[in-house]
Amino acid sequence: MTASTGKSATLTTPDGKTAELPVLSGVLGPNVIDIRKLYASTGMFTYDPGYTSTASTTSHITYIDGDEGVLLHRGYSIEELATKSDYLEVCHLLLNGELPTSAEKAQFVRDITYHTMLHEQIHFLFRGFRRDSHPMAVMIGVVGALSAFYYEDLNVEDKHHRMIATHRLIAKLPTIAAMAYKYTVGQPFVYPRNDLSYAENFLHMMFSVPCERYEVDPVHAKALDRIFILHADHEQNASTSTVRLVGSTGASPYAAIAAGIAALWGPAHGGANEAVLTMLREIGDPSRIPEFLEKAKDKDSGFRLMGFGHRVYKNYDPRAQVLKESADQVLAQLGKANNPLLAIARELEKIALSDDYFVKRKLFPNVDFYSGIILEALGIPSKMFTAIFALARTVGWVAQWDEMIEDPEQKIGRPRQLYAGHDRREFVPLDQRG
Ligand code: ACO
């Protein structure tokens with residue numbers, strides 16, 4: 001709940017105008033200064049590129065304390081959720097605010113399971129893409145195109161309509177991601193199976209082929225389910241803010257989620273998990289770590305240590321901590337404890353965390369640092385890493401979209417700017433431009 005503290009901050013502009021700005025408090029985290037009336041009372045905007053000091057909304061879903069390395073979903077710690085819960089239970093929590101009862105869970109699992117198939121016509125859409133297309137490019141296109149199949153009669157103001165769209169998105173994203181993979185390797189699309197769990201079904205759609213039996217390895221399914229939980233939501237990050245911004249116009253949720261996928265693809269955001277593996281392969285041997293660290297510290301090199309640093313965490317990303325332990329466990333269970341990339345990652349982390357450059361800037365491993373190693377051990381090609389992130393994050397995006405639509409304080413997202421271009425000038429006809 002947002003509450004007025006009864007206090008205000010006083011701002012006086014150089015031309016002597018004064019604004020009394022209410023100070024609001026949340027349940028956790030810093031207080032905020034409510035600047036909504038600032039322009040009306042002073043004629044001035046605030047300037048905050050990258051929104052580093054701006055709370056864009058009130059939210060009840062996820063809380064991060066970046067200094068302490070804390071991540072809570074609806075009050076529950078990510079460590080507990082990752083080790084004691086499962087992905088669909090976390091989805092229910094994010095969407096509805098509470099962990100489900102047994103009956104609610106059974107109903108929710110059924111609602112998701114029975115929405116996993118795609119309209120058959122969508123299969124033809126895939127054939128328009130080049131076979132070597134990046135799965136994220138395909139996902140942006142196909143998820144956006146869901147609007148053409150499931151949007152006609154969707155009223156975003158209707159809670160029930162939003163719930164159906166939410167179920168469809170969570171259910172169909174794994175099908176779409178697996179199809180994007182199958183398309184690139186030239187194998188037939190595999191239909192979902194209703195007798196499998198969410199993670200098992202995804203592995204089945206990724207790896208089974210019509211000519212032989214495929215049994216899902218429970219170790220693989222458990223490890224993947226945990227990766228899904230760790231990526232489910234992360235408050236107002238770039239892709240979530242994108243979804244909220246697109247959704248604030250009343251646009252189709254499928255279009256908003258496609259925009260979220262586009263935002264996630266960048267190497268500074270979700271694309272980093274693929275980049276981490278590329279980097280670890282390039283390093284190739286622990287003896288080359290110092291060379292790469294020097295490059296990361298050299299601003300002219302344009303190289304950054306992938307999987308390191310975070311806008312909010314100035315401490316160990318708690319998701320990375322869980323994943324680091326998971327990587328050890330899963331690789332041991334799969335008989336891959338001596339994985340050379342894991343050895344390089346561990347050593348790189350150790351050296352970076354004792355290096356002054358990284359210590360001073362509070363650069364710690366983030367969620368992407370260890371996830372790629374686990375995904376690779378499960379046989380998932382690195383081009384699919386960000387697609388897996390996207391399918392797991394879909395629940396966070398739709399939960400935040402739904403919250404935004406219900407929030408009476410939300411308006412269409414429309415930042416302002418500090419204009420630094422030309423002053424007004426006269427148009428010069430073409431024949432007089434010299
Ligand atoms: N390697 C080397 N130096 C870094 C790194 C890095 N990975 N990250 C930040 N720095 C340095 C910057 O050069 C800067 O140094 P300076 O103060 O001397 O100029 C300082 O640390 C602060 O960096 P900013 O770019 O201001 O930090 P910001 O909060 O804007 O960026 C970001 C965060 C984009 C995640 C950044 O740390 C980065 O590019 N990391 C690598 C990519 C990555 O792993 N992204 C995944 C993030 S998690 C996620 O999205 C799921």
Task: Solvent-accessible heavy-atom area per residue, rounded to whole Å², over the stretch 250-350 at 1.4 Å - done: 44
TODO: For the chain, state what percent of all Cα-Cα pairs lands in each successive 20 Å bin, counting from 0 Å until the bin that includes the largest distance.
DONE: 23, 53, 21, 2
Open item on the list: Given Cα positions, please report Rg to Rh for the stretch 10-77, the hydrodynamic radius being the Kirkwood one.
Closed with: 1.07
- [ ] Give the share of C-alpha pairs in each 10 angstrom bin for the stretch 40-100, from 0 to the last occupied bin, in whole percents, shortest bins first.
- [x] 18, 37, 23, 15, 6, 1
Task: Point-to-point label distance, SER287-TYR47, nm (Cα→Cβ direction, 7 Å offset) - done: 5.2
Open item on the list: Between GLU152 and LYS336, how high is the FRET efficiency from 1/(1 + (r/R0)^6) when r is the Cβ-Cβ distance and R₀ = 45 Å? Nearest 0.05.
Closed with: 0.40
Task: For the stretch 1-158, alpha-carbon Rg relative to the globular expectation (2.2 N^0.38 Å, N residues) - done: 1.51
TODO: Filter the GluC sites (Glu not before Pro) in the stretch 54-111 to those in DSSP coil with at most 12 other Cβ atoms within 10 Å of their Cβ, and list the result.
DONE: GLU68, GLU98
TODO: Show which aspartates and glutamates lie in cross-link reach of LYS350 when reach means a straight Cα distance below 16 angstrom and same-chain residues fewer than eight apart are skipped.
DONE: ASP285, GLU291, GLU294, ASP317, GLU325, ASP328
- [ ] Working with all protein chains in place, sort LYS7, LYS105 by solvent-accessible area computed with a 1.4 Å probe, largest first.
- [x] LYS7, LYS105
Open item on the list: Could you identify which residue out of GLY75, GLY16, GLY421 has the top mean-square fluctuation in a GNM of the chain using Cα springs shorter than 10 Å?
Closed with: GLY421
Open item on the list: Students often get this wrong, so check it: of LYS37/LYS362; LYS172/LYS383; LYS336/LYS383; LYS105/LYS336; LYS222/LYS362, which have C-alpha atoms separated by over 28 Å?
Closed with: LYS37/LYS362; LYS105/LYS336; LYS222/LYS362
- [ ] As a check on your grasp of the helix formula, calculate [θ] at 222 nm for the chain: sum -39500 (n - 2.57) over DSSP H runs of n ≥ 4, divide by the residue count, round to the nearest 500.
- [x] -15000 deg cm²/dmol
TODO: Given the options SER77, SER354, SER56, state which has the largest fluctuation in a GNM of the chain using a 10 Å cut-off (strictly under) for Cα springs.
DONE: SER354
Task: Solvent-accessible heavy-atom area per residue, rounded to whole Å², over the stretch 50-122 at 1.4 Å - done: 52
TODO: Only Cα pairs under 8 Å and at least 6 apart count here; give the relative contact order of the chain as a rounded whole percent.
DONE: 19
TODO: Find, to one decimal place in angstroms, the Kirkwood hydrodynamic radius of the stretch 305-392, where the mean of 1/r is taken over every pair of different Cα atoms and then inverted.
DONE: 13.6
Open item on the list: Between helix 272-283 and the chain, what is the angle of the helix's C-alpha long axis to the longest principal axis, kept within 0 to 90° and rounded to the nearest 10?
Closed with: 60
Task: Residue (of VAL243, MET306, ALA296) at the positive-pole extreme of the chain, dipole from beta-carbon charges - done: ALA296
TODO: Report, to the nearest 10°, how far helix 102-113 tilts away from the longest principal axis of the Cα atoms in the chain, using its own Cα long axis and a range of 0 to 90°.
DONE: 80
- [ ] Find the Cα radius of gyration of the stretch 139-263, compare it with 2.2 N^0.38 Å by division, and give the number to two decimals.
- [x] 1.16
TODO: Please determine, in degrees from 0 to 90 and to the nearest 10, the orientation of helix 238-247 with respect to the longest principal axis defined by the Cα atoms of the chain, where the helix direction is its Cα long axis.
DONE: 70
Open item on the list: List the trypsin sites (Lys or Arg not before Pro) within the stretch 240-300 that DSSP assigns to loop and that have no more than 14 neighbouring Cβ atoms inside 10 Å.
Closed with: none
TODO: May I ask you to order 184-192, 224-232, 373-381 by the average number of other C-beta atoms within 10 Å around their residues, highest value first?
DONE: 224-232, 373-381, 184-192
Open item on the list: Could you identify which residue out of HIS73, HIS204, HIS422 has the top mean-square fluctuation in a GNM of the chain using Cα springs shorter than 10 Å?
Closed with: HIS422
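The values are calculated or read from the model by the stated rules, or taken from the named source; none is laboratory data. Being a predicted model, the structure only gives us computed values, none of them experimental. FYI the Cβ positions are ideal-geometry reconstructions off the backbone, even for glycines, and counts take in every protein chain you see. With ligands, DNA and RNA removed, areas are computed over all heavy atoms of the protein, side chains included. Shrake-Rupley method; radii C 1.70, N 1.55, O 1.52, S 1.80 Å.
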